[in-house]
């Protein structure tokens, strides 16, 4: 599993351990079904976790109890019938193409704008980062973990998704130009400050750019562009998928590009485009509003 996944499950099980300790439970065999169920309720009432986070925590707890049973530490699995809450079906928050373009423009100068590049060359990296996020639909962790060797050629990129699952995705012409500008004009300067890391995107100390810094870059660009609402790296991923489907792309193709293991995960994006179709139909069809 990915480091972030391991860290998340470790935090979840530490929280479960603290909960059991507070109840005076010192042995796995002492845990009851009611205690496990109460822990799940506490995640909502005390910690305010959303349904998806509660489901993840309880998945780790059930895995722990299964392990205890397999290792014969306990005689039965008291967590087996505990079900997580059903997550609310939320529509992805995509932004319009005009807002995407405003966000990209606010992130850094256009490739070829020599005067703007000379004024603030480091923002060339920021522009390339956002262009690549939108062009590929990649998760922020996938993009910041890219190495130079993952550039198959200027039009193809190798991404490693959840579970280190590999996929190759195309890179559009705008992102190609932004990335080329960064690699030629900025990365050599950043690399000179570090120790020769193979990372594609570097910070000002020459090390790999972090997820947190990528989030801050997008947040700063959104504020500069005057975009309201929550704008995150996933906003560009959602927008990538939504705009592709609105343009007529097949949902299976979008599934492959996003790295979803199930098409059911991708199909939630079709709900966004159905709303758009309904609006167009309502305004264009002579008998739509009777």
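Is there a residue being assigned to a helix (DSSP H, G or I), assigned by TED's automatic domain parsing to the domain that holds residue 232 and either surrounded by fewer than 19 Cβ atoms within 10 Å (Cβ to Cβ) or out of contact with any strand residue (DSSP E or B) (no Cβ under 9 Å at 6 or more places or on another chain) (or both) anywhere in segment 190-201? Yes, there is a match, as at least one residue in segment 190-201 is assigned to a helix (DSSP H, G or I), assigned by TED's automatic domain parsing to the domain that holds residue 232 and either surrounded by fewer than 19 Cβ atoms within 10 Å (Cβ to Cβ) or out of contact with any strand residue (DSSP E or B) (no Cβ under 9 Å at 6 or more places or on another chain) (or both). None of 234, 243, 285, 238 is touching a helix residue (DSSP H, G or I) at 6+ places or on another chain (Cβ under 7 Å) and either surrounded by 15 or more Cβ atoms within 10 Å (Cβ to Cβ) or more than 30 Å from residue 108 (Cα to Cα) (or both) except 243.
Determine whether residue 206 is more than 19 Å from residue 139 (Cα to Cα), outside any helix (DSSP H, G or I) and at pLDDT 90 or above. Yes, satisfied.
A residue that is farther than 30 Å from residue 278 by Cα and either out of contact with any strand residue (DSSP E or B) (no Cβ under 6 Å at 6 or more places or on another chain) or outside the structural domain of residue 111 (by TED's automatic domain parsing) (or both) cannot be found anywhere in segment 243-264.
Take residue 115 and tell me if it is surrounded by fewer than 15 Cβ atoms within 10 Å (Cβ to Cβ), assigned by TED's automatic domain parsing to the domain that holds residue 203, in contact (Cβ under 8 Å) with a residue 24 or more places away in the chain and in a helix (DSSP H, G or I).
No: the conditions fail for residue 115.
Given the criterion in a helix (DSSP H, G or I), under 19 Å from the mean Cα position of the chain (by Cα) and free of Cβ contacts under 8 Å to residues at least 40 places away in the same chain, identify the matching residue among 283, 265, 273.
Being in a helix (DSSP H, G or I), under 19 Å from the mean Cα position of the chain (by Cα) and free of Cβ contacts under 8 Å to residues at least 40 places away in the same chain holds for just one of 283, 265, 273, which is 265.
Each residue in segment 207-231 was checked for being free of Cβ contacts under 8 Å to residues at least 60 places away in the same chain and in contact with a strand residue (DSSP E or B) (Cβ under 9 Å, 6 or more places away or on another chain), and 1 of them qualify. Return yes when residue 106 is part of a loop (DSSP other than H, G, I, E, B), closer than 30 Å to residue 186 by Cβ and touching a helix residue (DSSP H, G or I) at 6+ places or on another chain (Cβ under 7 Å) and no when it is not. Here the answer is no, as residue 106 does not meet what is asked.
Residue 183 meets all of the listed conditions (1) over 27 Å from residue 3 (Cα atoms); (2) surrounded by fewer than 18 Cβ atoms within 10 Å (Cβ to Cβ); (3) modelled with pLDDT under 95 but one, namely (3).
The values are calculated or read from the model by the stated rules, or taken from the named source; none is laboratory data. The shown structure was predicted, so the numbers you read here are calculated from the model rather than taken from an experiment. Counting neighbours? That spans all protein chains shown, and the Cβs are built from the backbone with ideal geometry, glycine included.
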